[in-house]
Protein chains: 2
Amino acid sequence: MDDVIARLECAEHLDALQAVIEWLRDYYAVDDMVYHWVSSNGEQYGCGTYDPKWVARYLEKGYLRIDPVVIGCYQRFHPVDWKRLDWSSKAARSFMQDAAEHGIGHQGYSIPIRGPNGQFALFTVSHSCDDDQWASFTELNRRDLILLAHYFNQTALKLEPGRKPEPTQPLSPREVETMTLLAVGYSRAQVAETLAISEHTLRVYIESARFKLGALNTTHAVARAMARGQIIV
Amino acid sequence: MDDVIARLECAEHLDALQAVIEWLRDYYAVDDMVYHWVSSNGEQYGCGTYDPKWVARYLEKGYLRIDPVVIGCYQRFHPVDWKRLDWSSKAARSFMQDAAEHGIGHQGYSIPIRGPNGQFALFTVSHSCDDDQWASFTELNRRDLILLAHYFNQTALKLEPGRKPEPTQPLSPREVETMTLLAVGYSRAQVAETLAISEHTLRVYIESARFKLGALNTTHAVARAMARGQIIV
DNA sequence: CTCTGCCTCGCCAGAAATGGGGAGTTGGAA
DNA sequence: TTCCAACTCCCCATTTCTGGCGAGGCAGAG
């Protein structure tokens with residue numbers, strides 16, 4: 001354990017993560033171990049021991065938005081056993097079958113991790129065995145896995161800062177107020193009234209915020225401002 | 001330390017948190033200790049040892065959206081010393097002065113905590129002393145404070161589940177796709193084209209999503225869907 | 001002192017979104 | 001089988017948003 005942490009701390013490239021996760025897979029003697037970062041801008045980064053064919057298929061099919069593991073963990077705080085997720089939808093079922101055909105174990109345990117600016121990542125361990133064996137495994141290693149998950153994420157954050165610092169030009173106070181009120185459902189007219197300014201002035205703020213955020217329209221601007229933590233809704 | 005964790009684990013009401021945090025303040029012999037939850041719906045919950053007058057003023061003045069501690073931590077992953085935050089804006093300066101006048105120590109260390117559905121909370125310890133003393137204090141207790149912060153948050157989450165489960169009616173797959181594409185800046189026409197459906201059909205999805213999300217307009221709907229983790233952008 | 005960023009205001013025309021109406025299919029649940 | 005939720009399509013009128021034009025004041029940085 002300490003050995004792994006030391007390795008992570010001296011890692012200088014993401015390849016190191018890949019090596020560590022493979023080592024961990026062998027150490028725990030499980031089928032698969034995966035770290036999967038779903039960055040706030042919709043890109044993904046992952047390392048792990050899944051079959052590359054499955055990874056490619058996952059990306060190609062856009063499974064990110066279907067995968068009940070991602071969706072379920074995104075809405076949870078605590079680690080979760082795959083059995084407790086919602087697999088009832090048709091999309092989820094076909095996804096599960098596709099995964100099984102690519103050799104993904106039916107037991108899994110995933111740890112959600114959150115970082116700055118809405119960063120979200122998953123640390124997953126998966127295996128094929130019966131429920132009892134799996135339950136005792138997760139029970140035994142839960143604490144370590146959680147720690148590992150967070151160390152992994154911190155290392156990834158350290159190594160990949162080039163991934164989020166999309167030049168986040170700060171918004172002016174008025175722009176922040178504007179975006180915030182828009183995010184809670186006010187129309188432009190209502191926002192203008194609330195801020196006691198003309199609707200035209202308001203438009204200037206929206207436009208400048210849109211420009212700073214690199215957004216194509218108001219909705220996009222609000223979404224980006226939220227995703228980047230520039231407004232708190 | 002273990003004593004505190006035990007107390008938290010058997011807590012059955014938020015009052016218990018208040019008691020624990022007061023105990024901690026005395027234990028660490030610092031001026032103030034605060035847990036501050038900024039829930040995803042904009043409400044707040046906090047417990048701590050700040051002067052109630054200051055808390056009232058904080059709420060009344062809407063300092064939540066000015067406080068550099070909140071803003072700074074929201075965009076960070078690691079705990080941060082207040083000195084490293086951005087106090088340059090005018091609003092921040094007048095906020096700082098106001099805080100000082102209410103007896104808030106000028107040294108502070110805040111730990112950002114994140115939870116499901118965009119939950120965000122802060123665990124802060126604050127004191128009045130010189131920089132060297134403060135540096136050695138935080139250096140010495142950093143690990144414990146981080147642990148405490150997360151235990152506090154987990155307890156608060158456990159005790160206050162009634163705070164977020166705003167009946168989150170699930171969105172249908174098409175609705176999710178629609179909201180997601182809108183969030184990344186597509187216009188209705190572009191979304192319709194992308195999904196290969198008529199623009200009118202698209203409208204039906206937007207409207208039903210808006211209804212399910214209790215949103216007043218498209219921008220609001222996207223913001224809520226994001227805040228609730230129903231779409232991942 | 002100039003320059004830049006922020007805040008404020010006005011008018012107009014075209015593009016986009018919204019609200020309300022109606023209508024048909026499909027597939028799964030009761 | 002019947003019912004419901006999800007998905008698909010069309011028209012019309014109104015409201016709202018967006019883009020482009022121009023303008024002034026005020027504070028802080030260089």
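The values are calculated or read from the model by the stated rules, or taken from the named source; none is laboratory data. Model, not experiment: these values are computed from the prediction. Positions of Cβ are backbone-derived with ideal geometry, glycine not excepted, and every protein chain shown enters the neighbour counts. Protein only, heavy atoms only, side chains kept; ligands, DNA and RNA dropped before computing areas. Shrake-Rupley method; radii C 1.70, N 1.55, O 1.52, S 1.80 Å.
Residues are listed down the side, and each one gets a yes or a no for (1) in the same structural domain as A:Gln44 (by TED's automatic domain parsing); (2) within 16 Å of DNA strand C (Cβ to nearest atom); (3) modelled with pLDDT of 90 or more:
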site: A:Ala91; (1), (2), (3): yes, yes, no
site: A:Gln97; (1), (2), (3): yes, yes, no
site: A:His102; (1), (2), (3): yes, no, no
site: A:Gly108; (1), (2), (3): yes, no, yes
site: A:Asn117; (1), (2), (3): yes, no, no
site: A:Phe120; (1), (2), (3): yes, no, no
site: A:Phe123; (1), (2), (3): yes, no, yes
site: A:Gln133; (1), (2), (3): yes, no, yes
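Within region A:211-229, restricting attention to residues that are touching a Ser or Thr at 6+ places or on another chain (Cβ under 7 Å) and more than 10 Å from DNA strand C (Cβ to nearest atom), which residue is nearest to A:Tyr186 (Cα to Cα)?
Taking region A:211-229 first, the residues touching a Ser or Thr at 6+ places or on another chain (Cβ under 7 Å) are A:217-219, A:222, A:227-228.
Imposing the further condition that a residue be more than 10 Å from DNA strand C (Cβ to nearest atom) reduces the set to A:222, A:227-228.
Numbers: A:Val222: 12, A:Ala227: 19, A:Arg228: 21 Å.
Filtering region A:211-229 for residues that are touching a Ser or Thr at 6+ places or on another chain (Cβ under 7 Å) and more than 10 Å from DNA strand C (Cβ to nearest atom), the one nearest to A:Tyr186 (Cα to Cα) comes out as A:Val222.
Show the residue pairs meeting these rules: Cβ distance below 9 Å; 6+ apart or different chains; first residue within region A:44-65 and touching a residue at least 24 places away in the same chain (Cβ under 8 Å); second residue of a type in the set (D, E, K, R) and not in a helix (DSSP H, G or I).
Final answer for the pair search is A:Tyr45/A:Glu160; A:Gly48/A:Asp32; A:Thr49/A:Asp31; A:Thr49/A:Asp32; A:Tyr50/A:Asp32; A:Asp51/A:Asp32.
In region A:195-208, which residues are within 9 Å of DNA strand C (Cβ to nearest atom) and closer than 24 Å to B:Met226 by Cβ?
Within region A:195-208, A:Leu195, A:Leu202, A:Arg203, A:Tyr205, A:Ser208 qualify.
Kindly provide the set of residues from region B:43-62 that are open to solvent by 60 Å² or more (accessible area, probe 1.4 Å), farther than 17 Å from B:Leu122 by Cα, at pLDDT below 90 and in a helix (DSSP H, G or I), ordered by number.
B:Arg57, B:Glu60
Quick one: which helices (runs of 4 or more DSSP H) lie wholly within region B:118-233 and hold at least 1 residues that are more than 10 Å from chain A (Cβ to nearest Cβ) and buried (at least 20 other Cβ atoms within 10 Å of the Cβ)? Break it down into steps so the answer makes sense when it comes.
On the way: elements: B:131-159, B:173-183, B:188-195, B:199-213, B:218-227.
Filter on region B:118-233 gives B:131-159, B:173-183, B:188-195, B:199-213.
Okay, residues lined up against (1) assigned by TED's automatic domain parsing to the domain that holds A:Gln154; (2) modelled with pLDDT under 80; (3) part of a helix (DSSP H, G or I); (4) not β-branched (Val, Ile, Thr):
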{"position": "A:Gln18", "(1), (2), (3), (4)": "yes, no, yes, yes"}
{"position": "A:Tyr35", "(1), (2), (3), (4)": "yes, no, no, yes"}
{"position": "A:Leu64", "(1), (2), (3), (4)": "yes, yes, yes, yes"}
{"position": "A:Cys73", "(1), (2), (3), (4)": "yes, yes, yes, yes"}
